[in-house]
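Here, each number is a calculation from the coordinates, and none is a lab measurement. Computed from a prediction, not measured in an experiment: that's the story for all the values here. When we count neighbours, we look across all protein chains shown, and the Cβ atoms used for this are built from the backbone with ideal geometry, even at glycine.
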Amino acid sequence: MKKLWMAGLFTWLVFLLPVCGFSSDKVYVYNWTEYIPDSVIQQFTEETGIKVIYTTYDSNETMYAKLKLIEGDGYDLVFPSTYFVARMKNEGMLQPLNYNLLPNASALDKHLLNKAYDPENKYSVPYMWGSTGIAVNTDVISPDKVTSWKDLWNPEFKGQLLLQDDMREVFHMALRILGYSSNSRNPEEIKDAYLLLQKLMPNVLLFNSDSPRLPYMAGEVNVGMIWNGEAWMAQEENDNIVYIYPKEGANFWVDSFVIPAQAKNVENAHAFINFMLRPDIAKICVEENGYATPVTTALPLLDEEVRESKTVFPDGATIDAGEFQTDVGEALEIYQGYWEKLRSGL
C-alpha cells in the first residue's frame, strides 16, 4: 500500500512541477511584444534543450502590476525599462545576478552600465536601448511640418495622432517643450506638463504600445509617437514612413534583463541571458527589431544599412539633445494621478 501511495505521489509531482515552474528544462520569459525573434527562441531551445515559455506585455505598468499580483512567482526573466529596474529593485522584487554564469556580459558597452538605476549592474543587464520619437507618413504629411514635439499640437492634426500608451513617454513631450527635465520630480512642473497635454487630447485618435507601427502601416494614423525599432520595421514595408528626432529631444531608454526574486529556474534564466548576449544572436535581434544593442562585438557583424542607420543608431549630438529615463521616486504617484485624469478626459 505504501509503495502504491508513493507511486501515486510521484505521478502527481511529475504533473505539477512544470505547472509550478520547477521544471529544470524550462524558462518562463515575460517580455515586451515582438522583442525577440521566434528564430532566436527556437535556436536557444535547440542548443540547450531548455524550453522557453514566452508571454508578452505592452507596458512597464502592466508587467509590474502582474508581478505584484502573483508576487513574482511564475516568471524567471522580465525586461523592465530603466526607471522600473530601480523601482522593482527597491521593492525587493529582483534577485542579484550571478556574473559567473554570464561570461558574455564582458562585451557590453560600458556607456550603458553602472547607471543610477542599478549601480554596478547587480540586478540588471542591458538587452537593447532605443528612443521614442515621431513617425510621419510622408505620403500624406510633409515631414517639414513635423520637426518638434510641439508640432503635434497643430490643430490640423485633430483626431489624427497616435500616442504611446506610456505615461512617462507622453509626459516627456510636454516637459521638454516647457524646458523641464523629462525626469522632473517637481509637482508644479508635472502639473504644467499635464495642463499642456490636456490641450493635445483633441488631436489624439488612439494610445498604442502594442505594435504601434501597425496603425501607421494600415493608414489609420499618419503622424504621432513611435519607438525607433517600430519605425524601422514599418519602413521595411513602407518607406514613406519616416522617423524624426524632435528638436526638443527624443526620449531614450534601456530595457534590461532582470530575474524576479521568486524565480525558480534561475540557472536557466542566466543561460538565456548569456545566450542573448552572444554577438551572433544580438545581430539577429538588431536587424529584425531595429533597436540598438549594447553588445559591442555584434556591431561589426551588422549589415551596413543597419549599422549606419540613424533610426537604429543615433549620433552623439542626437543623444545629447535627448534624455534618458531615470527613476523619479515618489513623484511617480503624481505622474500616475495626472495620467489617469488625462486618459479619462478630466
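Where only DSSP H runs of four or more residues are counted, the chain gives -11500 deg cm²/dmol as its mean residue ellipticity at 222 nm, each run worth -39500 (n - 2.57). Using Cα atoms only, what is the angle between the long axis of helix 279-289 and the major principal axis of the chain, expressed in degrees (0 to 90) to the nearest 10? The answer is roughly 50 degrees. When each of Tyr291, Tyr57 is scored by the number of other beta-carbon atoms lying within 10 Å, the sequence from fewest to most is Tyr57, Tyr291. In the stretch 57-188, taking the dipole from charged Cβ atoms about the Cα centre, the farthest positive-side position among Asn154, Met128, Tyr180 is held by Tyr180. Pull up the cross-link candidates among the lysines for Lys89, meaning alpha carbon to alpha carbon under 22 Å and not fewer than 8 places away within one chain. Correct list for Lys89: Lys66, Lys68, Lys110, Lys115, Lys122, Lys264.
Considering only Gly224, Ala321, Ile334, and ranking their Cα positions along the charge dipole of the chain that arises from unit charges at the beta-carbon of Lys, Arg, Asp and Glu, the one farthest toward the positive end is Ile334. Go ahead and run the numbers for FRET between Ala116 and Gln262, Cβ-Cβ distance against an R0 of 30 Å, rounding to 0.05. Once rounded, the FRET efficiency stands at 0.70.
With Rh defined as the Kirkwood radius, the inverse of the mean 1/r over Cα pairs, the Rg/Rh of the stretch 179-270 is 1.08. Kirkwood-type hydrodynamic radius, the stretch 274-313: 9.8 Å, calculated from all non-identical alpha-carbon pairs. Given the options Asp255, Asp38, Asp210, state which has the largest fluctuation in a GNM of the chain using a 10 Å cut-off (strictly under) for Cα springs. Its mean-square fluctuation being the largest, the pick is Asp38.
In percent, rounded to a whole number, the relative contact order of the chain is 27, using alpha-carbon pairs under 8 Å and six or more apart. Considering only Trp232, Trp129, Trp153, the mean-square fluctuation computed in a Gaussian network model of the chain, springs between alpha carbons under 10 angstrom, is largest for Trp153.
In this simple spin-label model, placing a label point 7 Å from the Cα along the Cα-to-Cβ direction at both Glu333 and Leu101 gives a separation of 3.6 nm. Among His111, His270, the order by Cβ neighbours within 10 angstrom, fewest to most, reads His111, His270.
Taken about its Cα centre, the stretch 100-203 carries a charge dipole of roughly 180 debye when the Cβ of each Lys and Arg holds +1 and the Cβ of each Asp and Glu holds -1. Using C-alpha pairs below 8 Å separated by at least 6 residues, the relative contact order for the stretch 136-270 is 34 percent.
What is the sum of charges around Val40, taking Lys and Arg as +1, Asp and Glu as -1, for the other residues whose C-beta is under 15 Å from the C-beta of Val40? So the surrounding residues net to -4. For the chain, the longest principal axis of the Cα atoms and the long axis of helix 2-20 meet at an angle of about 20 degrees. Which residue fluctuates most in the GNM of the chain (Cα springs below 10 Å): Glu305, Glu34, Glu288? Evaluated over the chain, the most mobile residue of the options is Glu305.
Charged side chains reduced to their Cβ positions (Lys and Arg at +1, Asp and Glu at -1) give the chain a dipole of some 1140 debye around its Cα centre.
A quarter of the convex hull surface defined by the alpha-carbon atoms of the chain gives 19.6 nm² as the mean projection. Projecting the Cα atoms of Tyr291, Phe207, Val85 onto the charge dipole of the chain (Cβ charges, centred on the Cα centre) puts Val85 farthest toward the positive pole. For the peptides 85-93, 115-123, residues were scored by their other Cβ atoms within 10 Å and the scores averaged per peptide; the highest-first order is 85-93, 115-123. Helix 187-200 axis versus longest C-alpha principal axis of the chain: approximately 70°, rounded to the nearest ten.
Other residues lying with their Cβ under 13 Å from the Cβ of Lys199 contribute a combined charge of +1, Lys and Arg counting +1, Asp and Glu -1. Could you grab the relative contact order for the stretch 42-159? Cα pairs under 8 Å, six or more apart, rounded to a whole percent. Computed over the stretch 42-159, the figure is 15 percent.
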